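Following: one structure in structure tokens, then a few remarks.
The values are calculated or read from the model by the stated rules, or taken from the named source; none is laboratory data. Bear in mind that the values here come from a model prediction, so they are computed numbers and not experimental data. Cβ placement follows ideal geometry from the backbone for every residue including glycine, while neighbour counts extend to all protein chains displayed. In case anyone asks, the SASA skips ligands and DNA or RNA and just uses the protein heavy atoms, side chains included. Shrake-Rupley method; radii C 1.70, N 1.55, O 1.52, S 1.80 Å.
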Amino acid sequence: PEAISIMPGVMDVILGNATGIDAKKEEEEQRQKYPLLFHPDETVEMGFQVKGLGRDKSFLTTHRILLKDGKGIGNKRRSYLSIPYETIQCFSVETAGAFLDDDIELKIWSSGHDFKQLDFAKKEVDLWTIQQYMNAKMDWSKEIAISNHHVTPENHPIAASHFPATTAGKNKVSVFDWLGGNAYMMDPKQAEDQLKTTTPVLLEDETVHMAFRERRDKIFFTSHRLLVVDVKGLSGQKVEFKSVPWRFVRGFSIQTAGALFDVDSELSIYTNIRWMGILRQDFRQSKVDLMAIKRYISDRILGVDEETVQPGVDRMEGHVDPKGNWFFRDNQRPLDAAAMEDYYKTSVPILQPGESVEFAFKGRRDVTLFTTKRIIDIDPKGLTGTRIEYTSFPWTSILGFGAKTVGKYMDNDAEVMLWTDMMYFPGAGDNPDTPGMSFLEIDFNPKLVDVVKMKRYIAKRLLGTSPKVKLDPNTFALAPTNDGSDNWIDWIGDNQRAIDPQALEKKIREEQGDLLLEDERLIMAFKSGRDIVLFTNARILDYDVRGLSGKKIKYTSVPYSSIRAFKVESAGSFDRDAELAIYTRNLWDLQKVSMDFRKGKADIIAIQRFLAAIVLGTPDDATRYLSQIQPFKHKKDPPNMKSFASWLLDNSSEEDASQTNEVLHHDPPILLADEQVNRAYRQGRDLYVWTTHRALVVDVQGLRGKKVSYKSIPVQWCRTFEIETAGHLDRDAEVYVHADIGRGMTLDQSILVKKHDIYTAHDYWGRALIFDGELAPSVGEEPEISVW
């Protein structure tokens with residue numbers, strides 16, 4: 001948009017609303033001032049500047065949203081936040097309201113920076129232009145493919161003729177529906193026409209499949225997205241149009257109407273978008289076909305392909321429910337899975353035609369179904385139990401799993417735990433956070449259900465078809481410390497030490513065959529007291545013995561595919577423990593898992609190398625790397641360089657990428673064989689290393705610097721980034737790299753302005769995350785700058 005030469009509105013100045021500026025002219029000026037701000041192949045397509053002081057600017061380029069934020073007094077200190085379009089999970093546009101509400105808004109939820117809001121002057125920026133621009137920048141290919149294959153008119157006869165349309169000019173809504181906020185069905189074709197003309201929100205090739213109205217608000221299921229229209233304020237002039245692509249919808253629940261005056265049903269949709277999490281919609285039972293809505297969402301999330309029952313699964317056909325005694329009535333007991341499948345495909349059709357029930361369980365009133373596509377929790381509510389909630393956890397949303405066996409004294413619960421990538425429920429006020437959909441725990445009757453076998457079933461469901469590391473354990477096993485002649489559980493119960501993985505795997509298969517899968521191989525094993533940590537070719541398995549008797553055991557499994565970052569920490573002079581921490585996408589208590597290892601009893605560098613090989617590469621890469629690894633021993637005097645500790649502690653030394661690359665490939669060998677250092681920065685005693693595979697933070701601790709941690713964040717999970725220039729009195733500038741890990745992980749790094757141009761860091765991360773990883777300089781070339 002060309003610059004608009006009109007007097008800025010007073011309210012726009014006060015509220016900090018932005019107006020359009022000449023994008024081409026602004027790009028030319030910015031390139032002259034800051035040559036590294038934009039990539040050579042990048043073009044600014046839209047530009048905006050906040051009225052008044054005008055220090056803040058927004059650039060919508062061909063590749064990202066770049067936000068400039070002026071800070072402090074003067075214009076020297078400023079930040080630039082880059083949000084690549086591919087990281088955007090959800091966006092919304094909002095019209096201006098009445099009276100003094102004079103701005104329109106663009107809101108963005110990204111996988112790296114969570115949430116950002118841009119305000120524009122309504123008289124100078126066209127809202128629908130912004131909406132269509134964002135439409136064009138989003139990648140809808142997955143949604144279109146699912147619509148073409150799974151959600152077709154033949155599968156879902158959802159035209160207006162299928163449900164009687166209710167519009168303002170036809171059937172009137174009852175006062176009870178209006179007061180209760182219950183939604184009713186709208187004509188999808190009529191809604192689509194309006195969303196392409198009057199309020200042009202949709203793309204030209206986008207189709208509305210279902211449409212509902214609740215009082216003034218509306219919700220639409222389209223071929224591309226879940227569109228929520230929220231009318232705000234007394235006047236109703238302020239309206240938000242929120243677009244959630246279907247690929248970020250990870251689970252859902254439907255709740256039927258209850259008895260007497262409880263006539264509304266409810267739909268809840270769960271996403272993996274941080275700080276959004278859940279979208280709820282009430283329906284009048286008689287106005288919508290709730291099962292049709294359920295079928296539509298099931299097909300969108302689960303697909304319609306048939307999934308067969310796993311070989312060897314005992315569906316307990318013909319099993320008669322023993323009801324359970326009073327003491328165990330709340331704990332779930334097994335049911336006939338085939339009979340439950342028939343019931344939930346005919347009497348209460350919540351299952352898909354190509355979906356089969358593998359296990360079924362029942363507590364006092366609750367029922368849990370383990371199907372070929374998901375886990376379904378069926379929860380009757382209220383005194384009568386006529387109001388029932390059906391909650392679906394797709395297998396694709398599960399990040400980790402575990403089980404707890406029953407204890408010896410007054411412990412009658414055996415549990416299975418599941419961790420997902422969905423949002424937890426944040427608390428409000430004094431109310432604490434609750435796990436919501438991020439964690440599911442199921443209590444079983446230990447006399448009727450073997451939770452270890454259930455854990456094995458889940459492992460086969462999640463790991464059975466996943467690629468695994470092909471490796472001869474002899475090439476990577478640590479030195480054996482036991483001949484394996486005693487009982488394997490007793491054997492791991494004494495002093496801490498590394499365990500011969502081959503001998504341990506043999507004992508496990510002989511004495512507890514359900515612990516490992518048939519094609520699963522043990523690569524490393526470590527113990528601490530009675531506990532043990534197993535590294536297999538598919539996952540990390542934590543075996544935690546609890547209680548005085550040791551009867552209660554907690555098993556926790558984290559597939560390597562769920563690990564998004566990891567950190568190893570060597571033992572210090574007075575600290576005997578080395579440590580490992582792994583980080584996942586889970587937002588509850590699996591977002592970080594910590595493990596301790598005794599100094600001298602575990603090769604922490606070998607563990608780091610193993611995780612690097614499989615997390616930063618592929619199973620084939622891990623096979624290649626691990627076949628050459630030998631236990632690491634620190635060299636006292638590496639050739640042509642100082643020892644690693646003295647090198648880190650020497651603050652006067654100047655670092656370059658080549659030297660850092662040499663050190664981290666040899667002593668200690670942290671980096672992979674084909675991994676190269678692109679940048680290295682000194683901050684005090686710590687080192688920040690940017691490689692072709694990861695951001696590596698080397699943190700030196702303690703007076704003597706003996707305790708060193710190595711934290712690795714894979715480049716693929718670094719999503720957005722930000723630089724902040726130094727102010728008038730500042731000595732350093734800042735770099736922030738935001739990763740899509742847990743509740744958010746940020747790499748925060750200070751860079752001395754006398755030693756480094758902060759815009760080279762901006763250019764580096766732009767190339768690494770947006771422009772296909774093109775990085776410069778490569779190892780062996782003279783670096784552009786010298787860094788500390």
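Condition check ((1) hydroxyl-bearing (S, T, Y); (2) part of a strand (DSSP E or B); (3) touching an Asp or Glu at 6+ places or on another chain (Cβ under 8 Å); (4) closer than 30 Å to S561 by Cα) across all residues:
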position	(1), (2), (3), (4)
D330	no, no, yes, no
M340	no, no, no, no
V348	no, no, no, no
R364	no, no, yes, no
I375	no, yes, no, yes
L399	no, yes, yes, yes
K408	no, no, no, no
Taking into account only those residues within the stretch 29-73 that are of a type in the set (V, I, T) and at pLDDT 95 or above, which is most open to solvent (accessible area, probe 1.4 Å)? T43
I'd like to check something: does the stretch 501-518 contain any residue that is modelled with pLDDT of 85 or more and in contact with an Asp or Glu (Cβ under 6 Å, 6 or more places away or on another chain)? no
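For a quick check of your reading: which strands (runs of 3 or more DSSP E) sit entirely within the stretch 31-85 and have at least 3 residues that are touching a residue at least 60 places away in the same chain (Cβ under 8 Å)?
Details: elements: 44-50, 57-61, 64-70, 78-84.
Correct list: 44-50, 78-84.
Okay, residues lined up against (1) more than 35 Å from the chain's Cα centre (by Cα); (2) part of a loop (DSSP other than H, G, I, E, B):
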residue: Y296; (1), (2): no, no
residue: E306; (1), (2): no, yes
residue: K323; (1), (2): yes, yes
residue: Q352; (1), (2): no, yes
Looking at (1) at pLDDT below 95; (2) open to solvent by less than 40 Å² (accessible area, probe 1.4 Å); (3) not charged (D, E, K, R), which is the one condition that is false for G233? (2)
Do any strands (runs of 3 or more DSSP E) lying entirely in the stretch 657-747 carry at least 2 residues that are over 20 Å from T760 (Cβ atoms) and within 25 Å of the chain's Cα centre (by Cα), and which ones are they? 707-714
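Among the strands (runs of 3 or more DSSP E) confined wholly to the stretch 504-592, which include 1 or more residues that are open to solvent by 10 Å² or more (accessible area, probe 1.4 Å), of a type in the set (A, V, I, L, M, F, W, C) and within 28 Å of S438 (Cβ to Cβ)?
On the way: elements: 522-528, 531-536, 539-546, 552-559, 563-569, 577-584.
It comes to 531-536, 539-546, 552-559.
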Scan the stretch 136-149 and report the pairs whose first residue is closer than 10 Å to R247 by Cα and whose second residue is outside any helix (DSSP H, G or I) and of a type outside the set (S, T, N, Q), with Cβ atoms within less than 6 Å and a gap of 6+ or a chain change. W140/H224; E143/H224; E143/P245
From the residues in the stretch 714-768 that are open to solvent by 50 Å² or more (accessible area, probe 1.4 Å) and of a type in the set (A, V, I, L, M), which one is farthest from G70 (Cα to Cα)? L752
E317 fails exactly one of (1) in contact with a helix residue (DSSP H, G or I) (Cβ under 9 Å, 6 or more places away or on another chain); (2) surrounded by fewer than 21 Cβ atoms within 10 Å (Cβ to Cβ); (3) not in a loop (DSSP other than H, G, I, E, B), namely (3)
Across (1) surrounded by 18 or more Cβ atoms within 10 Å (Cβ to Cβ); (2) in contact with a Pro (Cβ under 9 Å, 6 or more places away or on another chain), V249 clears everything bar (2)
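Just to check your reading of the model, which residue among D299, D321 is in contact (Cβ under 8 Å) with a residue 12 or more places away in the chain, closer than 26 Å to L227 by Cα and of a type in the set (D, E)?
Details: D321 fails: closer than 26 Å to L227 by Cα.
Exactly one residue qualifies, and that residue is D299.
Out of curiosity, is K707 farther than 25 Å from D69 by Cβ, of a type in the set (K, R) and modelled with pLDDT of 95 or more? First the steps, then the outcome.
Working: farther than 25 Å from D69 by Cβ: yes; of a type in the set (K, R): yes; modelled with pLDDT of 95 or more: no.
So K707 fails the test.
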Determine, yes or no, whether F91 is within 26 Å of I273 (Cβ to Cβ), out of contact with any His (no Cβ under 6 Å at 6 or more places or on another chain) and not in a helix (DSSP H, G or I). yes
